[in-house]
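Chemist: Take a look at the following structure, please.
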Amino acid sequence: MTPLASVPAPPATPAPSLGSGIRVRVARVHRTFPGGVEALDGVELDITPGSFVALVGPSGCGKSTLLRIIAGLDEATSGGVELVPAVGQAEAWRAPIAYVFQDAHLLPWRSVLDNAALPLELSGVSRSEREAAARQVLAQVGLGDFTARYPAELSGGMRMRVSLARALVTRPRLLLMDEPFAAVDELTRGRLDDQLRALWHELGMTVLFVTHSLSEAAWLAERVVVFSRRPARVVRDRALELPRERTAALRLEPAFAREVQVLSEVLERGGG
Amino acid sequence: MVRGLLLRSFPPLVALCALLALWEVLVRAFGVRAFLLPPPSAVFATGVRDAGQLASSAWVTAEAALIGFGLSAVAGVLGAVVLASSRLLERALYPYTIFLQTVPIVAVAPLLVLWFGPGQRAVAASAFIVSVFPVIANTLSGLRSVEPALRDLFRLYGARRLATLLKLELPGALPHIFTGLRIASGLAVIGAIVGEFVAGFSEGTAGLGILVLAAYRQLRTDLMFAAVLCASGLGIVLFGVVSLAGARLLRRWHPSAS
Ligand SMILES: Nc1ncnc2c1ncn2[C@@H]1O[C@H](COP(=O)(O)OP(=O)(O)OP(=O)(O)O)[C@@H](O)[C@H]1O
Ligand SMILES: [Mg+2]
């Protein structure tokens with residue numbers, strides 16, 4: 001994999017202390033769409049600041065809907081979501097949330113640098129400041145040499161990394177990822193997972209990661225939440241009993257296989 | 001690149017030469033009178049002899065067509081932005097923009113003379129009316145085709161309405177806008193010629209439309225042909241320039257990257 005750059009000097013903007021993710025409290029959230037489709041049926045979650053939580057569930061059960069509600073892009077029909085900043089960081093951050101979609105969704109008319117800098121540009125950060133921040137975060141995802149390229153000139157995996165860089169450029173305290181690496185090949189996905197874990201260690205934000213791959217969920221996350229079939233309810237919510245250090249070798253260990261096995265059983269039963 | 005172009009333009013060129021040769025032979029063989037259908041050689045000779053007249057007429061028409069086209073581009077894009085700003089506005093006004101497409105320009109042209117007086121302004125107005133609709137329609141569909149995920153992204157970062165328009169919707173609509181402009185470029189020349197038929201009389205050099213009319217009155221069919229060829233040549237050049245500009249602008253990102 002592309003080696004991660006060593007952490008460069010802190011950006012000009014005031015950075016919060018690392019390890020200060022926000023806490024997410026989802027309280028009895030229901031969502032019924034106009035037209036009657038019920039997507040969420042009283043979802044209850046309390047996400048520890050700075051943790052990495054995977055969300056899995058049957059296709060179409062309401063995972064994206066939940067992420068959108070947490071991001072403020074959709075509204076709960078009843079119940080609510082509370083984002084609790086860590087002590088001392090409070091108001092300083094205007095855009096503490098970032099969202100990564102299944103596809104990279106870059107702006108094809110912008111260079112890699114300008115794509116990564118977009119969130120800062122929209123919140124009015126000066127050009128020199130946002131470009132410095134974008135360069136730094138692009139180096140972190142291993143794209144330091146590609147800042148002048150255009151999305152059409154990149155591979156799918158590289159585009160996904162630009163998308164990740166764009167999400168990280170605001171130093172979000174909460175990173176919402178909706179099946180982000182589903183569209184890339186297996187090998188690339190493994191590398192991206194690796195890189196994401198490393199970035200999470202380094203930056204310490206809270207991560208909510210939706211995926212269809214149970215082994216990806218088990219390898220990445222500290223805790224996995226399993227949802228029922230639509231309308232989604234939480235059927236299992238538990239920390240994994242795996243070492244904090246995730247290596248490629250872990251994927252071959254019996255303990256890992258056992259966790260994946262348990263998850264897949266819960267998923268099968270939970271829907272029924 | 002150049003070789004590819006030569007290879008690709010070879011078949012149509014051969015077809016053209018064959019057609020012209022056939023035309024020449026048939027006209028001579030059956031002794032068709034020149035005012036009904038002049039042989040290509042006569043049209044060519046006229047084109048060379050009256051090159052000065054044709055060129056200055058073409059320039060007059062081109063100017064009016066360009067003014068009309070420019071107005072279409074600006075008003076069409078702005079109009080579409082206004083329509084796209086609210087569903088209500090679009091539903092209220094869009095049906096009437098279709099009126100622009102269906103208006104019989106020949107019938108309206110006298111009105112343009114009344115409003116603008118004979119001459120370039122009326123001719124340009126005619127070019128504008130004929131060419132503005134495709135710009136509105138295509139820009140509108142481009143503005144509407146922005147991916148919902150990107151809208152979400154802009155919302156998430158608190159982008160203002162104007163920033164969303166300038167940084168997301170308009171650039172995203174550019175391929176559609178250029179489709180509209182390409183169609184409009186050909187139509188603007190047609191609109192200018194039609195406009196000249198009715199409103200082109202004024203002091204100074206006559207445009208191609210007037211030249212066609214004058215040649216018709218004198219039964220100089222060879223000159224008519226030459227003028228018509230110039231008119232379509234004008235349309236092709238404008239179309240080519242717009243296409244080229246679009247291709248240059250979109251070159252780096254057209255291999256649709258999502
Ligand atoms: N805006 C909407 N209007 C109406 N129904 C919707 C809307 N968005 C989603 N739905 C419906 O809500 C249900 C849950 O959708 P959602 O996208 O949240 O599922 P998901 O778990 O993310 O699925 P997948 O795993 O396929 O991504 C689906 O049945 C979907 O059709
Ligand atoms: Mg989904």
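Chemist: Collect the residues in the stretch A:207-232 that are open to solvent by 10 Å² or more (accessible area, probe 1.4 Å) and part of a loop (DSSP other than H, G, I, E, B), keeping them in residue-number order.
Modeler: Within the stretch A:207-232, A:His212, A:Ser213, A:Glu222, A:Arg229, A:Arg230, A:Pro231 meet the criteria.
Chemist: Checking A:Val137 against (1) away from ligand 1 (no atom under 16 Å from the Cβ); (2) within 13 Å of chain B (Cβ to nearest Cβ), only one condition comes out false. Which one?
Modeler: (2)
Chemist: Give the residue that is most open to solvent (accessible area, probe 1.4 Å), with candidates limited to residues of the stretch A:86-100 that are modelled with pLDDT of 90 or more and away from ligand 2 (no atom under 16 Å from the Cβ). If you could, list the steps in order and put the result at the bottom.
Modeler: The initial filter retains those residues of the stretch A:86-100 that are modelled with pLDDT of 90 or more, namely A:97-100.
After this cut, where a residue has to be away from ligand 2 (no atom under 16 Å from the Cβ) as well, the list is A:97-98.
Values: A:Ile97: 22, A:Ala98: 0 Å².
Here the answer is A:Ile97.
Chemist: Would you confirm, using the coordinates I've provided, whether B:Leu249 is more than 29 Å from B:Val108 (Cβ to Cβ), open to solvent by 50 Å² or more (accessible area, probe 1.4 Å) and touching a residue at least 60 places away in the same chain (Cβ under 8 Å)?
Modeler: Yes; evaluated as a whole, the condition is true for this residue.
Chemist: Inspect all residues belonging to the stretch A:113-120 and state whether any of them is open to solvent by less than 40 Å² (accessible area, probe 1.4 Å), hydrophobic (A, V, I, L, M, F, W, C) and within 28 Å of A:Arg251 (Cβ to Cβ).
Modeler: Step one: filter the stretch A:113-120 for residues open to solvent by less than 40 Å² (accessible area, probe 1.4 Å), giving A:113, A:115-120.
Add one more test, that the residue is hydrophobic (A, V, I, L, M, F, W, C), and what stays is A:113, A:116-118, A:120.
If we keep only those that are within 28 Å of A:Arg251 (Cβ to Cβ) as well, we get none.
Looking for residues that are open to solvent by less than 40 Å² (accessible area, probe 1.4 Å), hydrophobic (A, V, I, L, M, F, W, C) and within 28 Å of A:Arg251 (Cβ to Cβ), one finds none in the stretch A:113-120, hence no.
Chemist: Pick from A:Ala257, A:Ala165, A:Ala198: which is among the hydrophobic types (A, V, I, L, M, F, W, C) and open to solvent by 40 Å² or more (accessible area, probe 1.4 Å)?
Modeler: The unique qualifying residue is A:Ala257.
Chemist: Taking the stated definitions as given, is B:Arg121 of a type in the set (D, E, K, R), within 19 Å of the chain's Cα centre (by Cα) and open to solvent by 20 Å² or more (accessible area, probe 1.4 Å)?
Modeler: Yes, satisfied.
Chemist: Collect the residues in the stretch B:140-169 that are hydrophobic (A, V, I, L, M, F, W, C) and within 20 Å of A:Val100 (Cβ to Cβ), keeping them in residue-number order.
Modeler: B:Val146, B:Ala149, B:Leu150, B:Leu153, B:Phe154, B:Leu156, B:Ala159, B:Leu168
Chemist: To continue, here is another question. Among the residues of the stretch A:164-176, is there at least one that is part of a helix (DSSP H, G or I), over 16 Å from A:Ala54 (Cβ atoms), within 11 Å of another protein chain (Cβ to nearest Cβ) and not basic (Lys, Arg)?
Modeler: Pass one, the stretch A:164-176, residues part of a helix (DSSP H, G or I): A:164-168.
Next, from what is left, pick out any that are over 16 Å from A:Ala54 (Cβ atoms): A:164-168.
Cutting the leftovers down to within 11 Å of another protein chain (Cβ to nearest Cβ) gives us A:166-167.
Filter once more, keeping what is not basic (Lys, Arg): A:167.
Within the stretch A:164-176, one or more residues are part of a helix (DSSP H, G or I), over 16 Å from A:Ala54 (Cβ atoms), within 11 Å of another protein chain (Cβ to nearest Cβ) and not basic (Lys, Arg).
Chemist: State all residues of the stretch A:186-195 that are among the charged types (D, E, K, R) and either crowded, with 19+ Cβ neighbours inside 10 Å or in contact (Cβ under 8 Å) with a residue 12 or more places away in the chain (or both); if no residue qualifies, say none.
Modeler: Within the stretch A:186-195, A:Arg189, A:Arg191, A:Asp193, A:Asp194 qualify.
Chemist: Within the stretch A:134-153, track down each residue that is open to solvent by 10 Å² or more (accessible area, probe 1.4 Å) and touching a residue at least 24 places away in the same chain (Cβ under 8 Å).
Modeler: Filtering the stretch A:134-153 for residues open to solvent by 10 Å² or more (accessible area, probe 1.4 Å) gives A:135-136, A:139, A:142, A:144-150, A:152-153.
A:Gln136, A:Ala139, A:Gly142, A:Gly144, A:Phe146, A:Thr147, A:Ala148, A:Arg149, A:Tyr150, A:Ala152 - these are the residues of the stretch A:134-153 that are open to solvent by 10 Å² or more (accessible area, probe 1.4 Å) and touching a residue at least 24 places away in the same chain (Cβ under 8 Å).
Chemist: Quickly run through the stretch B:68-81 and pick out the residues that are surrounded by 14 or more Cβ atoms within 10 Å (Cβ to Cβ), farther than 26 Å from B:Glu196 by Cβ and free of Cβ contacts under 8 Å to residues at least 40 places away in the same chain.
Modeler: Result: no residue meets the conditions.
Chemist: Tell me which helices (runs of 4 or more DSSP H) are completely within the stretch B:132-205 and hold 1 or more residues being within 12 Å of chain A (Cβ to nearest Cβ) and surrounded by 20 or more Cβ atoms within 10 Å (Cβ to Cβ), or say none if there are none. Write out each step before concluding.
Modeler: Details: elements: B:148-156, B:161-164, B:170-199.
Output list reads B:148-156, B:170-199.
Chemist: Now for a different question. Taking the options A:Ser163, A:Ser126, name whichever one is among the polar types (S, T, N, Q) and more than 18 Å from B:Asp152 (Cα to Cα).
Modeler: Exactly one residue qualifies, and that residue is A:Ser126.
Chemist: Return the residues of the stretch A:132-156 that are part of a helix (DSSP H, G or I) and under 22 Å from A:Leu196 (Cα atoms); say none if nothing qualifies.
Modeler: A:Ala132, A:Ala133, A:Ala134, A:Arg135, A:Gln136, A:Val137, A:Leu138, A:Ala139, A:Gln140, A:Pro151, A:Gly156, listed by residue number.
Chemist: While we're looking at this one, here's another question. Keeping to the stretch A:32-70, report how many residues are more than 6 Å from ligand 1 (Cβ to nearest atom), open to solvent by 20 Å² or more (accessible area, probe 1.4 Å) and within 14 Å of chain B (Cβ to nearest Cβ).
Modeler: Of the residues in the stretch A:32-70, 1 are more than 6 Å from ligand 1 (Cβ to nearest atom), open to solvent by 20 Å² or more (accessible area, probe 1.4 Å) and within 14 Å of chain B (Cβ to nearest Cβ).
Chemist: On to the next question. Would a scan of the stretch A:143-161 turn up a residue that is at pLDDT 90 or above, within 16 Å of ligand 1 (Cβ to nearest atom) and farther than 17 Å from A:Ser51 by Cβ?
Modeler: For the stretch A:143-161, residues at pLDDT 90 or above, within 16 Å of ligand 1 (Cβ to nearest atom) and farther than 17 Å from A:Ser51 by Cβ: absent.
Chemist: Restricting attention to the stretch A:54-85, report how many residues are under 17 Å from the mean Cα position of the chain (by Cα) and either within 16 Å of ligand 2 (Cβ to nearest atom) or among the aromatic types (Phe, Trp, Tyr) (or both).
Modeler: So the count comes out to 15.
Chemist: Which residues, counting only those in the stretch A:240-254, are open to solvent by less than 60 Å² (accessible area, probe 1.4 Å) and under 16 Å from A:Phe52 (Cα atoms)?
Modeler: Residues satisfying the conditions are A:Leu240, A:Leu242, A:Arg246.
The values are calculated or read from the model by the stated rules, or taken from the named source; none is laboratory data. Only a predicted model underlies this, so the values are computations on that prediction, with no experimental measurement involved. Don't worry about glycine lacking a Cβ; one is built from the backbone with ideal geometry, like all the others, and counts go over all protein chains shown. Surface areas here come from the heavy atoms of the whole protein model, side chains and all, with no ligands, DNA or RNA. Shrake-Rupley method; radii C 1.70, N 1.55, O 1.52, S 1.80 Å.
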